[in-house]
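Structure first, then comments.
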Amino acid sequence: MLSKRLIACLDVRDGKLAKSVRFVNTKDIGDPVEKAREYYADGLDELVFYDITASSDKRAIMLDVVEAVAKEVFIPLSVGGGVRSVADATDLRLAGAEKINVNSAAVARPALIAECAEAIGNQNVVLSMDIRQVPESAACPSGYEIVINGGRTPMGIDGLAWALEGEGLGAGELVVNAIDADGTRDGYELKLTAMIAEAVRIPVIASGGAGRPEHLKEALTTGKADAALVASMVHYGDYRVSELKRWLHREGVKMRMSW
Amino acid sequence: MADPIVIIDYDAGNLRSVQRACAEVGARAVISNDPVRVKAAARIIFPGVGAAGSAMASLRRNGLAEALSGAVGDGTPVLGICLGLQISLRHSEENDTQTLGLIPGQTRRFRLDRPELKIPHMGWNEVRPVRPHPLLDGIEAGDEFYFVHAYYPAPEDQACVYAHTTYENDFAAAVGRNNYFGVQFHPEKSGRVGLSLLDRFTRWDGQC
């Protein structure tokens, strides 16, 4: 039986690990390569790097980080943040990324999803969606809206409709990142996650809001997610990756328990 | 002098992760699309993701299909990974493609009538050996490997099936015959257990 996945997301700025609360006030908390190595040894199932560097030379720095990690971490490695073209995706893949996350640039130009799927295969294209709750409206009938630019720019696009469009364009997987919950440690947006997971046939990763092991269990059961993404829970040493997996396993969630 | 390991390059995905994993277990592997080099290699890794149709077209165009079949006939140890395993069979439902036919059987698409099962089968799943093979030595109950695929190998002869994995139903996760061995999962992305399988391949004499 297929296991649920525990994924750790490392926000990287200027080659260093950063963590934000509700996408602002980012602060540096360490070396991403070292963290990646530590989580890999502790049984992490998959790793995501999100590049939040603002400078123009960001690509080169990020490629170095990916290359260094890919040399010693032998689990799927996913990279996103500012991917705007097939060339960006291909460069990151050559550096060692398995999967490429597209986000804002795909909202601006949805064909990017199809182009990346054609170039690197559907299964390697992850559509990462930042979504906030809004009153139901004609533009956003699901009551959820897509935002971009790290949560700063509302797009007037329905969250559920965008998930379905992304799947149709060839995304192999979806990250449902609930902006309202991001960094709060109050739990994932279960209603949103389940709504999208039930509507698509591709795997869904719950993101934003994890603070306690119970939250992961909720996301992987009632939230219908195939994988749960964590960040601050593990980055600050509050929980270990192996500890979270053992807890989930004891609670009856199918996890990979030997590594 | 023959290369110790050649990873066949046929425009079917990123092969550097396989090369990196070989380096991690101390083996020097070269990536090549040269049929002469493939035919002469001491060992061959035949990886691949993507579609069977375009992969077969590329293999035929470059003379790699013949080189690979020749090497298998000569007794060279060969490891197929994912699409590399699937197109070692005779036919694939993907693009209705005639494939290499090194092993009698078909590649079939998951039907997935149950809506809770996602396509592709993506993530970690248990691999259960059903008969001993040198490359599967050391795999213990509960060991999981990383899979990403929407099609699965269905060999005709059950004696060619070395391990099962359960998704929609049980399918063949490892298939072998003589000096050929193929796995549906990605050992290069499967942590310690995957590296250990690659390590055994770098020392395998092709006997089973």
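Points to keep in mind about this one:
- Test: residue in segment A:145-152 that is under 16 Å from the mean Cα position of the chain (by Cα), open to solvent by less than 10 Å² (accessible area, probe 1.4 Å) and modelled with pLDDT of 95 or more: yes
- Number of positions in segment B:13-45 that are more than 23 Å from A:Lys99 (Cα to Cα) and among the charged types (D, E, K, R): 5
- Residue check, B:Gly142 under 25 Å from A:Pro76 (Cα atoms), part of a loop (DSSP other than H, G, I, E, B) and either hydrophobic (A, V, I, L, M, F, W, C) or in contact (Cβ under 8 Å) with a residue 12 or more places away in the chain (or both): yes
- Note on segment B:1-25: residues that are touching a residue at least 40 places away in the same chain (Cβ under 8 Å) and within 8 Å of chain A (Cβ to nearest Cβ) amount to 5.
- Condition check for A:Arg132: at pLDDT below 95, away from chain B (no Cβ under 14 Å), in contact with a helix residue (DSSP H, G or I) (Cβ under 9 Å, 6 or more places away or on another chain) and farther than 29 Å from A:Arg37 by Cβ: no
- Set B:Ala2, B:Ala52: member being in contact with an Asp or Glu (Cβ under 6 Å, 6 or more places away or on another chain) and either of a type in the set (S, T, N, Q) or on the phi < 0 side of the Ramachandran plot (or both): B:Ala52
- Screening the candidates A:Val21, A:Val83 for the property of being over 20 Å from A:Ile202 (Cα atoms) and modelled with pLDDT of 90 or more yields one hit, A:Val83.
- Only one of the numbered conditions (1) within 14 Å of chain A (Cβ to nearest Cβ); (2) free of Cβ contacts under 8 Å to residues at least 24 places away in the same chain is violated by B:Asp34, and that is (1).
- Note on segment B:1-68: enclosed strands (runs of 3 or more DSSP E) holding 2 or more residues that are surrounded by fewer than 16 Cβ atoms within 10 Å (Cβ to Cβ) are B:29-32.
- Among the residues of segment B:111-135, those identified as more than 11 Å from chain A (Cβ to nearest Cβ), of a type outside the set (Val, Ile, Thr) and open to solvent by less than 10 Å² (accessible area, probe 1.4 Å) are B:His133, B:Leu135.
- With respect to the conditions (1) in contact with a helix residue (DSSP H, G or I) (Cβ under 7 Å, 6 or more places away or on another chain); (2) over 23 Å from A:Trp162 (Cβ atoms), A:Ala199 falls short on a single one, namely (2).
- Set A:Leu77, A:Leu174: member being of a type in the set (A, V, I, L, M, F, W, C), over 30 Å from B:Ser196 (Cα atoms) and at pLDDT 95 or above: A:Leu174
The values are calculated or read from the model by the stated rules, or taken from the named source; none is laboratory data. What you are looking at is a predicted structure, and each value in this text was computed from that prediction instead of being measured. As a convention, Cβ positions derive from the backbone with ideal geometry for all residues, glycine included, and neighbour counts pool all protein chains shown. Calculation scope for accessible area: heavy atoms of the full protein, side chains included, ligands and nucleic acids excluded. Shrake-Rupley method; radii C 1.70, N 1.55, O 1.52, S 1.80 Å.
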